[in-house]
1. Scan (1) more than 16 Å from ligand 1 (Cβ to nearest atom); (2) over 18 Å from Tyr241 (Cβ atoms) for the single condition Phe189 breaks and write down its number.
2. Looking only at the stretch 31-68, which residues are more than 16 Å from ligand 3 (Cβ to nearest atom), in contact (Cβ under 8 Å) with a residue 60 or more places away in the chain and in a helix (DSSP H, G or I)?
3. So is Gly296 on the phi > 0 side of the Ramachandran plot and surrounded by fewer than 18 Cβ atoms within 10 Å (Cβ to Cβ) or not?
4. Tell me which residues, restricted to the stretch 29-64, are among the small types (Gly, Ala, Ser) and within 13 Å of ligand 2 (Cβ to nearest atom).
5. So, in the stretch 117-126, of the ones that are out of contact with any Leu (no Cβ under 6 Å at 6 or more places or on another chain) and touching a residue at least 12 places away in the same chain (Cβ under 8 Å), which residue ends up surrounded by the most Cβ atoms within 10 Å (Cβ to Cβ)?
6. Name the residue, out of Asp254, Asp219, Asp187, Asp201, that is modelled with pLDDT of 95 or more and either of a type outside the set (A, V, I, L, M, F, W, C) or touching a strand residue (DSSP E or B) at 6+ places or on another chain (Cβ under 9 Å) (or both).
7. Considering Ser102, Ser159, which residue is in contact with a helix residue (DSSP H, G or I) (Cβ under 9 Å, 6 or more places away or on another chain), of a type in the set (Gly, Ala, Ser) and either more than 18 Å from Pro22 (Cα to Cα) or touching a residue at least 12 places away in the same chain (Cβ under 8 Å) (or both)?
8. Could you please find all residues in the stretch 69-96 being within 22 Å of Ala19 (Cβ to Cβ) and either touching a residue at least 24 places away in the same chain (Cβ under 8 Å) or part of a loop (DSSP other than H, G, I, E, B) (or both)?
Amino acid sequence: SPSYSSSSSANLSFTFYAASCPSAEFMVRNTVRSASSVDPTIPGKLLRLLFHDCFVEGCDASVLLQGNGTEQSDPANRSLGGFSVIDSAKRVLEIFCPGTVSCADIVVLAARDAVEMAGGPAIQIPTGRRDGMVSAASNVRPNIVDTSFSVDEMIKLFSSKGMSLNDLVTLSGAHTIGTAHCSAFSDRFQKDSKGKLTLIDTSLNSTYADELIKQCPADSSPSVLVNNDPDTSFMFDNQYYRNLLSHRGLFQSDSVLFNDERTRKQVEDFANDQVGFFESWGQSFFKLTSIGVKTGDEGEIRRSCSATNT
Ligand code: HEM
Ligand SMILES: [Ca+2]
Ligand SMILES: [Ca+2]
């Protein structure tokens, strides 16, 4: 459905598991913490997983379902990660509070904790989301932003989820952590007659472009990863916006936020004011985690996050 009512998110509660599983949030947090201490790439993965869940069928863990033709089989989702962290949190929760805590809530809480552990703001998030039964690859393409999108196209998709221009600029700040495959920004380069890459997107700083070509030469392996934020890749800070100001946005969809008059001011403000970015992040993240939530009798509480109960 194109526009989600806010009545569903009004059914979420800050005390949803207070009686049924009082340490639910604590158990998710511990799982995220220990996984991230072993593998520092986990926070970025968990944050992107939330985005791809909430924009397709709402925040309902549809992205976790495995099988032929599910969301995971769409090319836009092949580079997602963090599933094993969600699974281990669920395993612990099923021992202490069987059949109680939804995978949809675990995805949200894990992303929230991941941001905080990477140095970002702490955010209170209500719970009570239920797990969806539908996961179709064909739902992914129309609902997930591609790096080739114009600001207009991004605004259109975001507003169909009840998200504003401000939310778009704020949530794009997620690219202050995490990594990307070379193919995610190869459209900014072209192969010359000798098979070497040259920059065709003039909105990119040429020194930065040279670094990217070095890390991602034309013949590089498809498994090569590049940091989204070349300066503070593991730190959730406002460096993403500073990068945009110095023409070092990795994706075309990042650069356009600085090149478009409607979004530039917000980018400049966040580049100069991390506290302001963090405040805005709290609000936009809250909205993201409320998109299309299922509550009450809708959906189910999955026993295993990768499969529906029946
Ligand atoms: C607005 C348009 C957006 C576009 C076009 C976009 C696109 C991408 C692409 C292409 C990647 C690299 C994937 C790969 O090659 O492995 C990526 C990574 C990432 N994105 Fe976005 N994204 C957008 C918005 C968001 C939002 C709203 C969030 C979260 C709130 C987000 C969080 C992330 C994170 C954390 C990573 C790093 C993932 C990792 O380290 O594995 N992105 N994004
Ligand atoms: Ca979903
Ligand atoms: Ca950073």
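The values are calculated or read from the model by the stated rules, or taken from the named source; none is laboratory data. Given the structure is predicted, the values throughout are model-derived calculations rather than measurements. Note that we place each Cβ from the backbone using ideal geometry, even for glycine, and neighbour counts take in every protein chain shown.
1. The single condition Phe189 does not satisfy is (1).
2. Of the stretch 31-68, the ones more than 16 Å from ligand 3 (Cβ to nearest atom) are 31-35, 37-39, 49-68.
Retained after the next criterion (residues that are in contact (Cβ under 8 Å) with a residue 60 or more places away in the chain): 31-33, 49-52, 54-67.
Matches in the stretch 31-68: Thr31, Val32, Arg33, Leu49, Leu50, Phe51, His52, Cys54, Ser62, Val63, Leu64.
3. Numbers: on the phi > 0 side of the Ramachandran plot: yes; surrounded by fewer than 18 Cβ atoms within 10 Å (Cβ to Cβ): yes.
Against the criterion (on the phi > 0 side of the Ramachandran plot and surrounded by fewer than 18 Cβ atoms within 10 Å (Cβ to Cβ)), Gly296 qualifies.
4. Let us first name the residues in the stretch 29-64 that are among the small types (Gly, Ala, Ser), namely 34-37, 44, 58, 61-62.
If the condition is that a residue be among the small types (Gly, Ala, Ser) and within 13 Å of ligand 2 (Cβ to nearest atom), then Gly58, Ala61, Ser62 are the ones that fit.
5. At the first step, the residues of the stretch 117-126 found to be out of contact with any Leu (no Cβ under 6 Å at 6 or more places or on another chain) are 117-125.
Then drop every residue that is not touching a residue at least 12 places away in the same chain (Cβ under 8 Å), which leaves 117-121, 123-125.
Details: Met117: 20, Ala118: 23, Gly119: 14, Gly120: 25, Pro121: 17, Ile123: 17, Gln124: 9, Ile125: 19.
Ranking the qualifying residues of the stretch 117-126, first place goes to Gly120.
6. On the way: Asp219 fails: modelled with pLDDT of 95 or more; Asp187 fails: modelled with pLDDT of 95 or more; Asp201 fails: modelled with pLDDT of 95 or more.
Step by step, each of Asp254, Asp219, Asp187, Asp201 is checked, and only Asp254 is modelled with pLDDT of 95 or more and either of a type outside the set (A, V, I, L, M, F, W, C) or touching a strand residue (DSSP E or B) at 6+ places or on another chain (Cβ under 9 Å) (or both).
7. On the way: Ser102 fails: in contact with a helix residue (DSSP H, G or I) (Cβ under 9 Å, 6 or more places away or on another chain).
Of Ser102, Ser159, the one residue that is in contact with a helix residue (DSSP H, G or I) (Cβ under 9 Å, 6 or more places away or on another chain), of a type in the set (Gly, Ala, Ser) and either more than 18 Å from Pro22 (Cα to Cα) or touching a residue at least 12 places away in the same chain (Cβ under 8 Å) (or both) is Ser159.
8. Within the stretch 69-96, Ala89, Lys90, Val92, Leu93, Glu94, Phe96 qualify.
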